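Here is the structure we will look at.
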Amino acid sequence: QISSLAAIGKGIFGRESFLDSLSQISSPTQIIVGEDDLARPVTEAKRLNKYIKDSSLAIIENAGHTLSLEAPEKLTQIISDFLTKQNSTISA
């Protein structure tokens, strides 16, 4: 079991940074994060938002990493609003 955990840790913490390549994303991007997310904190989401040109950031209050379980209505509304905005942009 320890060797399995070590392999997982090495895979997570030993990977290359992809931040520089994020500027190549040319599609509108919605970034969503829970304000209490410890695995992927708000600071990381803000960094993604900075690097991805046409991105918007939504922070869901009183939620952690599992937004679909902790705040399903808020998550659904953010996704729905984003898709509606993209659809109206395409239709215009």
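The values are calculated or read from the model by the stated rules, or taken from the named source; none is laboratory data. Everything quoted here is computed from the prediction, not taken from an experiment. With ideal geometry, Cβ positions are generated from the backbone for all residues, glycine too; neighbour counts draw on all protein chains shown. These area figures cover heavy atoms from the full protein model, side chains too; ligands, DNA and RNA do not enter into them. Shrake-Rupley method; radii C 1.70, N 1.55, O 1.52, S 1.80 Å.
Of note:
- Farthest toward positive dipole pole in the chain [+1 Lys/Arg, -1 Asp/Glu at C-beta], among T66, S17, V33: S17
- Projected-area mean, the chain, by convex hull of Cα positions, square nanometres: 7.6
- Zone of I25's modelled label, taken as backbone nitrogen in the range 67-92 under 15 Å from a point 7 Å along Cα→Cβ: 79, 82-83
- Put a plus charge on the Cβ of each Lys and Arg, a minus charge on the Cβ of each Asp and Glu, and nothing anywhere else: the dipole of the chain about its Cα centre is then about 320 debye.
- Of all lysines in the structure, those lying under 26 Å Cα to Cα from K53, and not within fewer than 8 positions of it along the same chain, are K74, K85.
- Computed [θ] at 222 nm, helices only, for the chain once each DSSP H run of length n ≥ 4 contributes -39500 (n - 2.57): -15500 deg cm²/dmol
- Per residue, the accessible area of the range 23-86 comes to 67 Å², computed with a 1.4 Å probe over protein heavy atoms only.
- J(HN,Hα) series, the range 69-79, from Karplus relation 6.51 cos²θ - 1.76 cosθ + 1.60, nearest Hz, glycine and proline x: 9, 7, 8, x, 5, 5, 4, 4, 5, 4, 5
- Computed E for T43/Q86 - FRET, C-beta separation, R0 30 angstrom, nearest 0.05: 0.70
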